[in-house]
Amino acid sequence: MGIIDAYENAEFRNKLSVLATLIKLSFVDGVLDQNEMKIIEKVAREYGLLDPEDLIYLIRNYEKYSLEPAYNYDERIEQLYYLSKIIYADGHIDKNELKILKNAIVALGFPPKNVDIIYETAIGKIVDDADLEEFTKAIKKVNQL
């Protein structure tokens, strides 16, 4: 499905917003590096954005999109997983990335009172190279506190 078709499909539009946010996070330090690009390409394939021209368009126009949380709780955790992976792709997190991720946690519908614990847990799991299943279990556990 191409980007133009996304406007008629809420689920795909949601996925584009996640990809755009991944790109935004990648550019916070001014550079879209190889590790970040690998993650973006992987997520794009998983989300059905298969046309390389569409991905190029999104990279050039990411600022036109804002994060739209998924309706499903597990899908919102998956979105958080990818956002967390992208900010740690270069092995460190700067203060601008931290701010964007914390804002994204709230935008994804997690309670503001849990932002810090969710952030710490998310990054801890990414640093430990947890898979999506482990990540999901950990976020669900801390979000219940």
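The values are calculated or read from the model by the stated rules, or taken from the named source; none is laboratory data. Owing to the predicted nature of the structure, the values given are computational and were not obtained by experimental measurement. Cβ placement follows ideal geometry from the backbone for every residue including glycine, while neighbour counts extend to all protein chains displayed.
Evaluate the following for ASN72: is it crowded, with 16+ Cβ neighbours inside 10 Å, within 22 Å of GLU133 (Cα to Cα) and of a type in the set (S, T, N, Q)? For ASN72, the condition - crowded, with 16+ Cβ neighbours inside 10 Å, within 22 Å of GLU133 (Cα to Cα) and of a type in the set (S, T, N, Q) - is not met. Taking only the range 15-48 into account, find how many residues are at pLDDT below 85 and either in a helix (DSSP H, G or I) or not charged (D, E, K, R) (or both). Residues in the range 15-48 being at pLDDT below 85 and either in a helix (DSSP H, G or I) or not charged (D, E, K, R) (or both): 2 in total.
Selection within the range 24-74: residues that are among the β-branched types (Val, Ile, Thr) and more than 15 Å from the chain's Cα centre (by Cα). The member of this set that is farthest from ASN14 (Cα to Cα) is VAL31. Just so you know, in the range 112-131 the residues that are touching a residue at least 24 places away in the same chain (Cβ under 8 Å) and over 11 Å from SER84 (Cβ atoms) include one that is surrounded by the most Cβ atoms within 10 Å (Cβ to Cβ), and it is ASN114.
Yes/no matrix, rows are residues, columns are (1) of a type in the set (Lys, Arg); (2) out of contact with any helix residue (DSSP H, G or I) (no Cβ under 7 Å at 6 or more places or on another chain):
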| position | (1), (2) |
| --- | --- |
| ILE105 | no, no |
| PHE110 | no, no |
| LYS113 | yes, yes |
| ILE117 | no, no |
| THR121 | no, no |
| GLY124 | no, yes |
| LEU132 | no, no |
| ALA138 | no, no |
| LYS141 | yes, yes |
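Pairs meeting the criteria (first residue in the range 30-47 and within 12 Å of ILE86 (Cβ to Cβ), second residue among the charged types (D, E, K, R) and surrounded by 14 or more Cβ atoms within 10 Å (Cβ to Cβ), beta carbons under 6 Å, at least 6 apart or on different chains) are ASP33/ASP90; ILE39/LYS85. On inspection, GLU78 qualifies as part of a helix (DSSP H, G or I), surrounded by 16 or more Cβ atoms within 10 Å (Cβ to Cβ) and not hydrophobic (A, V, I, L, M, F, W, C).
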